[in-house]
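Written out below as structure tokens is the structure these notes cover.
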Amino acid sequence: MIEKKEPDTPLIIYEDNHILAAVKEPGILSQADITGRPDMVSLIKDYIAISRNKPGNVWLGLLHRLDQPASGIMVFALTSKAAGRMAEAFRDNQIGKYYLALVNGRPTENSGLLRDYLSRERRGGRYYVTTAERGNEAVLKYRVLSTYKKYGFPLSLLLVQLITGRPHQIRIQFQSRRLPLLGDRRYGMVSPLDERVPTLALHALQLEFDHPVKRSRYKLRAPLYAENKEINPSFKLAMDHLNANIELEIREITKMAINDN
């Protein structure tokens, strides 16, 4: 009988008395569901109970979610005051949210803004692009960091700034333009290249926000490689193309205007 391996404590990249930021690995849920699979909320609670010697039930505020097969930074509230202020900032799109995405194909433009309306309910387990009357607006900006071929298939490494925060938004908006994310078993086409990678090539790279108590501006980034292991092994196909000046690229994508018309 093979012994089931418990997941490691998530990589903690920042913590104080009010907030904590950690890196979610692919396959870990954001919060518990009926499946009983490992989830970030439970793992972080266990970490706090041990590291801060807190017996009993640990309080933790979940502020946002990442898709299970994706990886990247998540920030949690440790006090109700921080939870209220951070939740409002997320709700009002005051948080800078930046992702790395590896897509099958090449965008027609090297940068751009995508605006769609995404369904409020799932159909066949998937959300989809719909009309303004039937959906919620979804907006993102992207910049192409690199385009190249792998095993004869075209790939593009993108930096994405998420303006809104709809479920599966990045995956749906690029899939609808025939640029499905590599390794996307739900929205992708499962090409031979997709079958070479273990999970979704989507990584929540950086969050920028005003600290809920200190009020200073914070920039927290989740590495793709840490402690001698790959956080998201599906980005191995982009290993030779991850040398972009991310600071510069983030400044450039942030400056891109959003046309409200």
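If you scan region 147-167, which residues turn out to be basic (Lys, Arg) and out of contact with any helix residue (DSSP H, G or I) (no Cβ under 7 Å at 6 or more places or on another chain)? I'd like the intermediate steps shown before the answer.
Going residue by residue through region 147-167, those that are basic (Lys, Arg) are 149-150, 166.
Residues satisfying the conditions are Lys149, Arg166.
Is it the case that region 67-86 has a residue that's aromatic (Phe, Trp, Tyr) and surrounded by fewer than 20 Cβ atoms within 10 Å (Cβ to Cβ)? Explain how you work it out, then say what you get.
Our first condition is that a residue be aromatic (Phe, Trp, Tyr); within region 67-86, this holds for 76.
Pick out the ones that are also surrounded by fewer than 20 Cβ atoms within 10 Å (Cβ to Cβ) and you get none.
Within region 67-86, not a single residue is aromatic (Phe, Trp, Tyr) and surrounded by fewer than 20 Cβ atoms within 10 Å (Cβ to Cβ).
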So in region 20-48, with the set limited to residues that are in a helix (DSSP H, G or I) and not hydrophobic (A, V, I, L, M, F, W, C), which one is surrounded by the fewest Cβ atoms within 10 Å (Cβ to Cβ)?
Asp46
Scanning region 55-79 for residues that are under 21 Å from the mean Cα position of the chain (by Cα) and of a type in the set (S, T, N, Q) gives Gln68, Ser71
Within region 243-261, of all residues that are part of a loop (DSSP other than H, G, I, E, B) and at pLDDT 85 or above, the one nearest to Tyr99 (Cα to Cα) is Asn245
Across (1) surrounded by 18 or more Cβ atoms within 10 Å (Cβ to Cβ); (2) more than 28 Å from Leu237 (Cβ to Cβ); (3) hydroxyl-bearing (Ser, Thr, Tyr), Tyr127 clears everything bar (2)
Do we have Leu145 as in contact (Cβ under 8 Å) with a residue 40 or more places away in the chain and more than 27 Å from Ala77 (Cβ to Cβ) here?
yes
Among all residue pairs at least 6 apart or on different chains, which show Cβ distances below 6 Å where the first residue, located in region 179-197, is among the acidic types (Asp, Glu) and the second is crowded, with 22+ Cβ neighbours inside 10 Å and assigned to a loop (DSSP other than H, G, I, E, B)?
Asp184/Leu200; Asp194/Gly183
Yes or no: region 54-75 includes at least one residue that is under 27 Å from Ala201 (Cα atoms), part of a strand (DSSP E or B) and free of Cβ contacts under 8 Å to residues at least 24 places away in the same chain.
no
Of the numbered conditions (1) touching a Phe, Trp or Tyr at 6+ places or on another chain (Cβ under 8 Å); (2) over 23 Å from His64 (Cα atoms); (3) surrounded by fewer than 15 Cβ atoms within 10 Å (Cβ to Cβ), Val190 satisfies every one except a single condition; which is it?
(1)
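Within region 207-242, track down each residue that is part of a helix (DSSP H, G or I), at pLDDT 90 or above and among the hydrophobic types (A, V, I, L, M, F, W, C). I'd like the intermediate steps shown before the answer.
As a first pass, look at region 207-242 and keep what is part of a helix (DSSP H, G or I): 233-241.
So of that shortlist, the ones also at pLDDT 90 or above come out as 233-238.
Once the filter is applied, which keeps residues that are part of a helix (DSSP H, G or I), at pLDDT 90 or above and among the hydrophobic types (A, V, I, L, M, F, W, C), region 207-242 yields Phe235, Leu237, Ala238.
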Contact list please: Cβ distance under 9 Å, first residue in region 1-30 and closer than 15 Å to Gly61 by Cβ and modelled with pLDDT of 95 or more, second residue in a loop (DSSP other than H, G, I, E, B) and basic (Lys, Arg), pairs at least six apart or on different chains.
Asp16/Lys214; His18/Lys214; Ser30/Arg65
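The values are calculated or read from the model by the stated rules, or taken from the named source; none is laboratory data. Note that the structure is predicted; figures quoted are calculated from it, not measured. Note that we place each Cβ from the backbone using ideal geometry, even for glycine, and neighbour counts take in every protein chain shown.
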